[in-house]
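The values are calculated or read from the model by the stated rules, or taken from the named source; none is laboratory data. All values derive from a computational prediction rather than experimental measurement. Please note: Cβ atoms are built from the backbone with ideal geometry, for glycine as well, and neighbour counts cover all protein chains shown. To get the accessible areas, we keep the full protein, side chains included, count just its heavy atoms, and leave off ligands, DNA and RNA. Shrake-Rupley method; radii C 1.70, N 1.55, O 1.52, S 1.80 Å.
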Amino acid sequence: MKDFYKILGIRQNATLAEIKKAYREKAKLFHPDANTTTSDKTKFNEIVQAYRVLSDNRQRNFFNESFFMHGKVHKNNGDSFNYYQWLKERDDEESKCKFVFYTLMHQKEDEAVKEFIRLQSSNPEFTLKKWFTREDFMDYGYILAEELVIRAEYYDAILLLEQIIKMEYSYQYFYIFFPEVISFTLNILHHHIDGVISDELALDVYERAIELELGKKEDRFFFTKMGEEYLRLGDKRMADACFMQAN
């Protein structure tokens with residue numbers, strides 16, 4: 001029986017966020033689009049199978065019961081130093097940012113989201129990417145954006161995804177998964193902005209979306225939505241200008 005944890009290079013009590021990050025990293029190395037040898041394709045199929053099983057709670061529980069009952073060792077990684085508490089008690093921005101990603105990766109997603117929103121709302125210049133490598137920011141940032149959407153924090157999710165997309169444009173990293181990032185972002189823009197957040201914030205979001213150069217079709221959609229937002233705000237002149245841009 002294959003050890004799916006070993007295939008992804010993660011511990012047996014890894015969080016879903018860790019599983020996702022490990023899958024992205026492994027898949028980039030062995031994806032058929034990047035490698036053509038039979039061994040690479042075989043390895044990629046193993047990685048996909050491991051991810052599908054471990055990312056689904058029911059399948060993961062079944063795998064754990066089946067695999068570990070056959071004498072496999074489960075390592076308990078104890079830690080005498082309470083890093084979580086240490087980060088939580090510190091007041092500097094670097095520690096607070098690391099607290100966001102640490103809690104995100106250790107099944108404390110509510111704390112991660114709450115602290116991220118607090119940091120972002122308290123400082124208009126705030127950015128997580130200042131304190132992490134590009135790779136870590138893009139991986140963890142995308143996972144955080146997913147958690148934000150789960151909690152209906154759509155505006156904050158867009159601000160985070162905007163940074164990830166711009167970073168990908170300047171530094172290719174998500175190349176295999178980038179369509180997934182774009183699709184996720186567009187889903188928010190199409191279904192979770194208009195009528196969901198305030199008109200003022202919606203205008204800000206659509207303006208940011210246009211700057212991301214997601215395509216002429218998408219830009220027409222954004223300009224149309226901006227026109228509708230301006231009409232609701234009573235600014236017909238700006239509404240007409242946006243509708244003109246949409247045509």
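For Phe101, the criteria (1) under 19 Å from Thr15 (Cβ atoms); (2) part of a loop (DSSP other than H, G, I, E, B) hold in every case but one, which is (2).
With the requirement that a residue be touching a residue at least 24 places away in the same chain (Cβ under 8 Å) and of a type outside the set (Asp, Glu), what does region 87-107 give you? Before the answer, list the steps.
Step one: list which residues in region 87-107 are touching a residue at least 24 places away in the same chain (Cβ under 8 Å), which gives 93-94, 97-98, 100-101, 104-107.
Cys97, Lys98, Val100, Phe101, Leu104, Met105, His106, Gln107, listed by residue number.
Regarding Leu214, is this residue outside any helix (DSSP H, G or I) and at pLDDT 95 or above? Yes. The set of residues in region 128-145 being crowded, with 16+ Cβ neighbours inside 10 Å and of a type outside the set (Gly, Ala, Ser) consists of Leu128, Lys129, Trp131, Phe132, Phe137, Met138, Asp139, Tyr140, Tyr142, Ile143, Leu144. So, of the residues in region 93-116 that are open to solvent by less than 30 Å² (accessible area, probe 1.4 Å) and of a type in the set (Ser, Thr, Tyr), which turns out to be nearest to Ala22 (Cα to Cα)? Per the criteria, the residue is Thr103.
Would region 210-221 turn up any residue that is touching a residue at least 40 places away in the same chain (Cβ under 8 Å) and open to solvent by less than 80 Å² (accessible area, probe 1.4 Å)? Looking through region 210-221, at least one residue is touching a residue at least 40 places away in the same chain (Cβ under 8 Å) and open to solvent by less than 80 Å² (accessible area, probe 1.4 Å).
Matching residues to (1) modelled with pLDDT of 95 or more; (2) among the small types (Gly, Ala, Ser); (3) in contact with a Lys or Arg (Cβ under 6 Å, 6 or more places away or on another chain):
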{"site": "Ser121", "(1), (2), (3)": "no, yes, no"}
{"site": "Phe132", "(1), (2), (3)": "no, no, no"}
{"site": "Glu147", "(1), (2), (3)": "yes, no, no"}
{"site": "Arg151", "(1), (2), (3)": "yes, no, no"}
{"site": "Ile158", "(1), (2), (3)": "yes, no, no"}
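Of all the residues in region 222-236, those that are charged (D, E, K, R) and either closer than 13 Å to Leu189 by Cα or open to solvent by less than 70 Å² (accessible area, probe 1.4 Å) (or both) number 4. With respect to the conditions (1) closer than 25 Å to Lys28 by Cα; (2) polar (S, T, N, Q); (3) open to solvent by 20 Å² or more (accessible area, probe 1.4 Å), Thr185 falls short on a single one, namely (3).
Restricting Glu153, Glu89 to residues that are under 30 Å from Leu203 (Cα atoms), out of contact with any Phe, Trp or Tyr (no Cβ under 6 Å at 6 or more places or on another chain) and open to solvent by 30 Å² or more (accessible area, probe 1.4 Å) narrows the list to Glu153.
Meeting the requirement of 1 or more residues that are open to solvent by 40 Å² or more (accessible area, probe 1.4 Å) and at pLDDT 90 or above, the helices (runs of 4 or more DSSP H) wholly within region 1-68 are 4-8, 16-30, 38-54.
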